[in-house]
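The values are calculated or read from the model by the stated rules, or taken from the named source; none is laboratory data. As the structure is a prediction and not an experimental result, all values here were calculated from the model. Every residue, glycine as well, gets a Cβ built from its backbone with ideal geometry; the counts of neighbours run over all protein chains shown. These area figures cover heavy atoms from the full protein model, side chains too; ligands, DNA and RNA do not enter into them. Shrake-Rupley method; radii C 1.70, N 1.55, O 1.52, S 1.80 Å.
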Amino acid sequence: MLYHFMQYFGDYIPGGNVFNYITFRAGGAVMTALLLSFLFGPWFIGKLKLRQNNGQPIREDGPPSHLIHKTGTPTMGGLLILLAVSFATLLWADLTNIFVWIVLLATIGFGMIGFADDYRKLTNGNSAGVSGRVKLTLEICLALAIIFAVSAYMPPALATSFAVPFFKDLLLDFGIFFFVLVSLCVIVGASNAVNLTDGLDGLAIVPSMIAIASFGLIAYLVGNTVFSNYLQIHYVPGTGELAVICAAFIGAGLGFLWFNAPPAMVFMGDTGSLAIGGALGSIAVATKHEIVLAIIGGLFVLETVSVIVQVISYKLTGRRVFAMAPLHHHFEKRGWAEPTIVIRFWIIAVILALAGLATLKLR
């Protein structure tokens, strides 16, 4: 809203032209989302505690320490992230940009699916939420809408193509069917991968911020003709504005981490993790960096693969590869302290993000 206000009255306000710069508005979005999280976080968490009684249901087959230390902690803290991101984006972004609306609605849509799952768990008083089949169906329907919306506003040469990192101008166009199939895997997979990673205090939110910050930079570069030409990456008009919503995520994430740091006062729940993953996947599809997401979000990939391997191994052989899946619980079972796991996973997330960003130049 501020951007459009300044379009009309910027000439009469000293320094009003700075609102034309994405970088300035991204900074504003960070601070707005951060301040909203700090100001309303304590009140919001208090309301969650009053309404949830026993807090998030804890898995009985999980590490025993969780039943001791985490029982009673409220969930659905992702609503705080959603509110901060939405308000900051609406305040600072160019609201005529279709990609901003696609990603924002994708975030809210996946967040509402997660909200339904969290609400069902609280109502049932156990860790069984919405059935996997229903949840996956809803995620696929939402992802399909996102994919077709993104494709409709893409340059024709990019609409159904995949850009390959490390190559200057290589585009792989396998047609609409394969494009939709792979894009579905990217968006739905990213959403559920972040959800699987959200198992320890602060574990999911910091790698999420690292990945979103990386894609904020990618979006800014991809949407800028000068930088995209210099780096020899594919230019996608309009995607630069996604840097503002990425910045809002960073601010909201930092604010949420204040309350989610060990020992957590609140969990983000599926409300937050599905929303963050859905946003990441949608931004990757919009910026034509789907493959790079697998590198930058490699930590989420590892967590997901650990679950897949565990399930396949147990069904085929009756034996488990890991002491417990996802991977972070395996290390807990092996005696690692929770802060050790969390900080080491953060380090891995930073390394993978740097590796993913290196693909922008290594061509």
- request: Scan (1) at pLDDT below 95; (2) assigned to a helix (DSSP H, G or I); (3) open to solvent by 40 Å² or more (accessible area, probe 1.4 Å) for the single condition Ile108 breaks and write down its number.
  value: (1)
- line: Of the residues in segment 143-161, those that are in contact (Cβ under 8 Å) with a residue 60 or more places away in the chain and over 24 Å from Leu104 (Cβ atoms) number 1
query: Scanning segment 131-176 for residues that are over 18 Å from Ala279 (Cβ atoms) and among the β-branched types (Val, Ile, Thr), which turns out surrounded by the most Cβ atoms within 10 Å (Cβ to Cβ)?
result: Thr160
- request: Could you tell me whether any residue of segment 244-251 is over 23 Å from Phe345 (Cβ atoms), crowded, with 20+ Cβ neighbours inside 10 Å and over 17 Å from the mean Cα position of the chain (by Cα)?
  value: no
message: Can you confirm whether Leu254 is open to solvent by 10 Å² or more (accessible area, probe 1.4 Å) and part of a helix (DSSP H, G or I)?
response: yes
task: Tell me, yes or no, whether segment 343-362 has at least one residue that is over 17 Å from Val206 (Cβ atoms), among the basic types (Lys, Arg) and either modelled with pLDDT under 90 or open to solvent by 50 Å² or more (accessible area, probe 1.4 Å) (or both).
output: yes
field: Qualifying helices (runs of 4 or more DSSP H) (wholly inside segment 257-329; at least 1 residues being open to solvent by less than 40 Å² (accessible area, probe 1.4 Å) and touching a strand residue (DSSP E or B) at 6+ places or on another chain (Cβ under 8 Å))
entry: 290-296
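Look through Leu136, Leu172 and report the one residue that is among the hydrophobic types (A, V, I, L, M, F, W, C) and free of Cβ contacts under 8 Å to residues at least 24 places away in the same chain.
Details: Leu136 fails: free of Cβ contacts under 8 Å to residues at least 24 places away in the same chain.
Leu172 is the lone residue from the list that is among the hydrophobic types (A, V, I, L, M, F, W, C) and free of Cβ contacts under 8 Å to residues at least 24 places away in the same chain.
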message: Let me confirm something: among Val226, Val222, which residue is surrounded by fewer than 23 Cβ atoms within 10 Å (Cβ to Cβ) and under 24 Å from Leu354 (Cα atoms)?
response: Val226
